[in-house]
Amino acid sequence: MRILVVEDSPTIRMAIEQMITQIGHTALLVSSGEEALQLTGESEFDMVLMDIEMPGLDGFETTTLMREALEHWIPIIFISGHEADDQVLAGIKAGGDDYMIKPFSPIFLEAKIISMKRISEMNQRLDALNNHLADLSEKDELTQLSNRRAFKEKAKQVLHLSQRHRKPVSVLMLDVDHFKAYNDFYGHMEGDICLKGVAEALRETVHRSSDIVARYGGEEFVVLLTDTDVYQARLVALKILENLQSKNIPHEKSLTSDRVTISIGVASTSVSDQYDLNRLTDLADQQLYYAKESGRNQVHAQKDKSQKTILVASTNSDNRSALSNAMQSYGNIVTADSYQERSLLAKEIQPDLSIYDGTCDSIGEMEALKDLQLSTLLVEDKYGHLLGRVEAIKSKSAAQIEGLLVSYLR
Ligand SMILES: [Mg+2]
């Protein structure tokens, strides 16, 4: 044991140190209450021997302050030259655990240490058990994510704080696609492993300590993102899809893909302005339903009330519809299939975002340039200023392209 000795008399300090060493423990010596408190944050010790009469802070005051500073309980034993009943009582009331009258013998000290050590160990076991119980009641056993109950409790606090600071909060509801078919075909053991994989993809994507990731029940998960509007939340959701995809978990019986996929619904206070957990999860659930209805393995988010206008232009009809699909969650889509139409519409409706590919860039370009241009998207704001380019679109997934395009909307 490491025993902190707080004693202003150098003679007594040395005598006690000798005894402690003699019975096989380590002594840490300080000569005042102030020094003892300073050490409390910095150094580890398992027990304190505390003199009562000291200049500056006395033993009672030091003990009261030390108890506040200590993260867990350790025994504090008073040592005093006086044998007065009221002193003993005052010491115990100040947070001490026992009382010894100076001078005392090494054997007497050893006996005290043994008895205090016993109580200390019992306390540690109790702490460990309590922590374990707290974990059990808050964590989902299979995935080690928060469980539904803990999610609700934490989420309510976060919403309350966010409302006060007027910060947006978003909720993602996630559901594994065709999970019943997975369980039926691969068995429940494999089903559990699959859910762990999904949980891992979630953990890899969402790692800010203020965010909450939880298993909502069965194959349903929920994520709460602090200080995140609907656009940012959508990007996070797309990233989750991507991370799960890279896990490559086979799903032979899925009607959506040959891999395990999920659908995600997104709701945000930045759209509905309602800092109510039930309302938010309901709205996210609704979006999840739309994501399932539209073919699964995708993200559906609440539409922004302010409804942005997005102009999508390409002479290639496949490009046009792919881009329209990618952007339809973010606003009203207007399409153009020629360069002339695009510039006309851009002037007329002043879209918040104008996206076009190389086929619409200009007329009369050399044929050789066309292929190159086809693989680049150009993005303009409502004034016709170029915001940026998305290059090499053929090498990017639809979700990646969507993520890049949406970043220009904000
Ligand atoms: Mg003294």
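The values are calculated or read from the model by the stated rules, or taken from the named source; none is laboratory data. Worth saying up front: this structure is predicted, and the values here are computed from it rather than measured. FYI the Cβ positions are ideal-geometry reconstructions off the backbone, even for glycines, and counts take in every protein chain you see. Calculation scope for accessible area: heavy atoms of the full protein, side chains included, ligands and nucleic acids excluded. Shrake-Rupley method; radii C 1.70, N 1.55, O 1.52, S 1.80 Å.
Which whole-Hz couplings ³J(HN,Hα) result when phi for each residue of region 8-23 is put into the Karplus expression 6.51 cos²θ - 1.76 cosθ + 1.60, θ = phi - 60°, listed in order with x for Gly and Pro?
Going residue by residue, I get 7, 7, x, 5, 5, 4, 5, 4, 5, 4, 4, 4, 4, 5, 4, 9 Hz, with x marking Gly and Pro.
Can you find, among ILE92, MET189, ILE77, the residue farthest towards the positive end of the dipole of the chain? Put +1 on the C-beta of Lys and Arg, -1 on that of Asp and Glu.
MET189
Can you show me the helix-derived [θ] at 222 nm for the chain, built from DSSP H runs with n ≥ 4 at -39,500 (n - 2.57) apiece and divided by the number of residues, rounded to the nearest 500.
The helix contribution divided over the chain gives -15000 deg cm²/dmol.
Report, to one decimal in Å, the Kirkwood hydrodynamic radius for the chain based on all distinct Cα pairs.
Averaging 1/r across every pair of different Cα atoms and inverting gives 26.6 Å.
Spelling out what I want: for every residue of region 121-137, take phi, set θ = phi - 60°, compute 6.51 cos²θ - 1.76 cosθ + 1.60 (Karplus), and round to whole Hz; glycine and proline get x.
Those phi angles translate into 5, 4, 5, 5, 5, 5, 4, 4, 5, 4, 4, 4, 5, 4, 4, 4, 7 Hz.
Which order do LEU129, LEU37 take when ranked by solvent-accessible area (1.4 Å probe, heavy atoms of all protein chains), largest first?
LEU129, LEU37
How large is the charge dipole for the chain, taken about the Cα centre, if only the Cβ atoms of Lys, Arg (+1) and Asp, Glu (-1) carry charge, to the nearest 20 debye?
1420 debye
Arrange the residues THR376, THR64 by how much accessible surface each exposes, largest first, with a 1.4 angstrom probe.
Result, largest first: THR64, THR376.
Rounded to whole Å and sorted largest first, list the principal axis extents of the Cα atoms in region 107-207.
Extents along the principal axes, in whole Å: 71, 46, 21.
If you count only protein heavy atoms and use a 1.4 Å probe, how large is the accessible surface of ASP46, to the nearest 10 Å²?
Rounded to the nearest 10, that gives 60 Å².
Output the 0 to 90 degree angle, nearest 10, between the alpha-carbon long axis of helix 230-245 and the longest principal axis computed from the alpha carbons of the chain.
90 degrees
Please compute the length gained on full extension between ASP58 and MET100, using 0.36 nm multiplied by the number of residues separating them and subtracting their Cα-Cα distance.
13.5 nm
Let me check I've understood the local charge: for GLU138, count other residues with C-beta under 15 angstrom from its C-beta, Lys and Arg +1, Asp and Glu -1. What total comes out?
So the surrounding residues net to +3.
By accessible area of protein heavy atoms, probe 1.4 Å, what ranking do ILE52, ILE23 get, highest first?
Highest to lowest solvent-accessible surface, that is ILE23, ILE52.
Which listed residue (VAL171, SER321, ILE310) has the Cα farthest towards the positive end of the charge dipole for the chain, taking +1 on Lys and Arg C-beta and -1 on Asp and Glu C-beta about the Cα centre?
It is SER321.
Going by amide H atoms built from the backbone, whose H comes under 5 Å of the H on THR335, apart from near neighbours?
Residues meeting the amide H criterion: VAL312.
Could you tell me the calculated FRET efficiency between GLU71 and GLU34, based on Cβ-Cβ distance and R0 = 25 angstrom, to the nearest 0.05?
0.80
Whose amide H sits under 5 Å from the amide H of VAL5, counting only residues 5 or more places off or on another chain, with H placed in the peptide plane?
Residues meeting the amide H criterion: LEU28, LEU29, VAL30, LEU49.
In whole Hz, with x marking every Gly and Pro, tabulate ³J(HN,Hα) for region 319-336 from phi via Karplus 6.51 cos²θ - 1.76 cosθ + 1.60, θ = phi - 60°.
4, 4, 6, 4, 5, 4, 4, 4, 9, 5, 6, 9, x, 7, 9, 10, 10, 9
May I ask for the Kirkwood hydrodynamic radius of region 263-358, worked out over all distinct Cα pairs and given in angstroms to one decimal?
That comes to 14.6 Å for region 263-358.
Trypsin sites (Lys or Arg not before Pro), restricted to region 155-187: which are DSSP loop and have at most 14 other Cβ atoms within 10 Å?
ARG166
By how many nm would the segment from GLN328 to LYS303 lengthen if fully extended, with 0.36 nm per residue of separation less the alpha-carbon distance?
Once the chain is fully extended between GLN328 and LYS303, it gains 8.1 nm.
Label-point separation (nm) for ASP318 and GLN286, each offset 7 Å from Cα along Cα-to-Cβ?
3.7 nm
Work out the FRET efficiency for MET122 and THR376 from their Cβ-Cβ distance, taking R0 = 60 Å, and round it to the nearest 0.05.
0.30
Ignoring ligands, DNA and RNA, what percent of the 1.4 Å accessible area of the chain is carbon and sulfur?
50 percent
Please calculate the 1.4 Å probe accessible area of LYS112, with all protein chains present, and give it to the nearest 10 Å².
Probe radius 1.4 Å; accessible area of LYS112 about 40 Å².
Using only the alpha-carbon atoms, what does region 1-148 span along each of its principal axes? Please give whole angstrom values in decreasing order.
Sorted from largest, the Cα extents of region 1-148 read 59, 31, 30 Å.
At most 10 other Cβ atoms within 10 Å and a DSSP loop assignment: could you name the GluC sites (Glu not before Pro) in region 109-214 that fit?
GLU141
Please work out the Cα convex hull volume for region 184-283 and give it in Å³ per residue.
Roughly 108 Å³ of hull volume per residue.
Cα-Cα over 27 Å: which of LYS152/LYS247; LYS139/LYS247; LYS239/LYS303; LYS308/LYS347; LYS156/LYS303; LYS247/LYS292?
LYS152/LYS247, as the Cα separations exceed 27 Å there.
Between Rg and the Kirkwood Rh of region 215-332, both from Cα atoms, what is the Rg to Rh ratio?
Taking Rg over the Kirkwood Rh, I get 0.99.
How much accessible area does HIS207 have with a 1.4 Å probe, in Å² rounded to the nearest 10?
140 Å²
How far apart, in nm, are two points set 7 Å out from the Cα along the Cα-to-Cβ line at GLU42 and at GLN144?
It works out to 3.6 nm between the two label points.
Kirkwood Rh and Cα-based Rg: tell me the resulting Rg over Rh for region 1-78, rounded to two decimals.
My calculation puts Rg/Rh at 0.93.
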